[in-house]
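To keep things clear, I will list the structure first and then write my remarks on it.
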Amino acid sequence: MERWLALELASTIRHDGDGGVADDLATVQETAQWIQEQGDLLAGHIEAGELPVDEDLRLGIIKLRQAVRTLFARVVSPALPSRADAHRLMTADQATAHLNTAAAREPVAPQIDWTVEGAPAARLLSAENDPNVRLVAALARAAIDFLTGPQCAQLRSCTAPRCVRYFVKSHGRQEWCKPSCGNRARAARHYRRKRTAAGGGSPA
C-alpha cells in the first residue's frame, strides 16, 4: 500500500480504541519513535535515526501537523473534517503560510546521479546544517507535494464512529479508511435502523 509522508503526519492524531483521541507526538520519546518509523519516506532527506529529537523539534512538528490538518479539512470540504481537531484549526491562509515558511528554511538544489549501469536519479543537496530544520522542511515539502499532487483529489475524512483519520480513497466504493472502520460503521447503521424500527419511526 502506498504511503505519503503528509498523511502519516496527519495520522499521528488517531482514535485511541477507547472512544478518545491519541497523539503519537505527545512526548519527545514518542516523536523520536515516529520519526524513526518514517525512515523509508525520509530517505534522501535526513537520517531519521540520528536526529537529536528535543521538545523544540516536537513542537515544530506539531505546528506543522496543525497546518497540514487544516488544509486537509479544506480539501474535504464541504464534507465534514476530522472530528479530532476541527475546533482548533488554523485559518487556511495561516496554514499555507506556515507550510511555505517551513519549506523555505532549508535551501536545497536538485542534483542528478547517473551511474554507468543505472538510470538517472534526482536528489536534493541541502545547504542547511541543522538536521532538525532539514526534517521539518522535508515534512513541509512532502505536504506541499501531497496537496498539489493527484492523490489530493481522493483525500477523505473517515466517517466511521470514533475514527478521526484522513485517508486516500483507493477505489470507487471506498467509504472508510480501513475495513475495521467499515465494520463499525455498518454495525452502527444496523443498530440505528433496529432502534428506529422498534420506536416506530423511519430510519435516518
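Is at least one residue of the stretch 118-140 under 14 Å from the mean Cα position of the chain (by Cα), open to solvent by less than 80 Å² (accessible area, probe 1.4 Å), closer than 30 Å to residue 20 by Cβ and among the small types (Gly, Ala, Ser)? Yes - at least one qualifying residue is present in the stretch 118-140. The single residue among 103, 109 that is out of contact with any strand residue (DSSP E or B) (no Cβ under 9 Å at 6 or more places or on another chain) and more than 20 Å from residue 22 (Cβ to Cβ) turns out to be 103.
How do the pairs read when you match residues in the stretch 84-111 that are open to solvent by 60 Å² or more (accessible area, probe 1.4 Å) with residues anywhere that are assigned to a strand (DSSP E or B) and charged (D, E, K, R), using Cβ under 6 Å and keeping only pairs 6 or more apart or on different chains? That search, which allows pairs on different chains as well, returns 111/123. Can residue 189 be described as assigned to a helix (DSSP H, G or I), modelled with pLDDT under 90, in contact with a Lys or Arg (Cβ under 8 Å, 6 or more places away or on another chain) and charged (D, E, K, R)? No: the conditions fail for residue 189. Scanning the stretch 8-22 for residues that are under 18 Å from the mean Cα position of the chain (by Cα) and either farther than 27 Å from residue 150 by Cα or open to solvent by 30 Å² or more (accessible area, probe 1.4 Å) (or both) gives 8, 14, 15, 16, 21, 22. All of 42, 5, 64 fail the test of being of a type outside the set (Lys, Arg), modelled with pLDDT under 95, open to solvent by less than 50 Å² (accessible area, probe 1.4 Å) and under 24 Å from residue 127 (Cβ atoms), apart from 42.
Assess whether residue 138 counts as being of a type in the set (Gly, Ala, Ser) and either under 19 Å from residue 9 (Cα atoms) or in a helix (DSSP H, G or I) (or both). Judged against the criteria, residue 138 is a match.
Can you find, within the stretch 73-87, the residue that is nearest to the chain's Cα centre (by Cα) among those that are within 18 Å of residue 21 (Cα to Cα) and in a helix (DSSP H, G or I)? The extreme case among them is 73. In the stretch 143-183, of all residues being among the hydroxyl-bearing types (Ser, Thr, Tyr) and either out of contact with any Ser or Thr (no Cβ under 6 Å at 6 or more places or on another chain) or loosely packed, with under 14 Cβ neighbours inside 10 Å (or both), the one that is nearest to residue 72 (Cα to Cα) corresponds to 148.
Going by the structure shown, is residue 140 modelled with pLDDT of 95 or more and closer than 23 Å to residue 76 by Cα?
Yes.
Considering only residues in the stretch 95-120 that are of a type outside the set (A, V, I, L, M, F, W, C) and either in contact with a Lys or Arg (Cβ under 8 Å, 6 or more places away or on another chain) or not in a loop (DSSP other than H, G, I, E, B) (or both), the one that is nearest to residue 73 (Cα to Cα) turns out to be 96.
Of all residues in the stretch 141-183, those satisfying the criterion of being part of a helix (DSSP H, G or I) and touching a strand residue (DSSP E or B) at 6+ places or on another chain (Cβ under 7 Å) are 151, 154.
The residues of the stretch 23-39 that are in contact with a strand residue (DSSP E or B) (Cβ under 9 Å, 6 or more places away or on another chain), open to solvent by 20 Å² or more (accessible area, probe 1.4 Å) and not in a helix (DSSP H, G or I), listed by number, are 23, 24.
The values are calculated or read from the model by the stated rules, or taken from the named source; none is laboratory data. Model, not experiment: these values are computed from the prediction. Cβ coordinates were reconstructed from backbone atoms using ideal geometry, including for glycine residues, and neighbour counts include every protein chain displayed. Quick note on the areas: whole protein, heavy atoms, side chains included, nothing else; ligands and nucleic acids left out. Shrake-Rupley method; radii C 1.70, N 1.55, O 1.52, S 1.80 Å.
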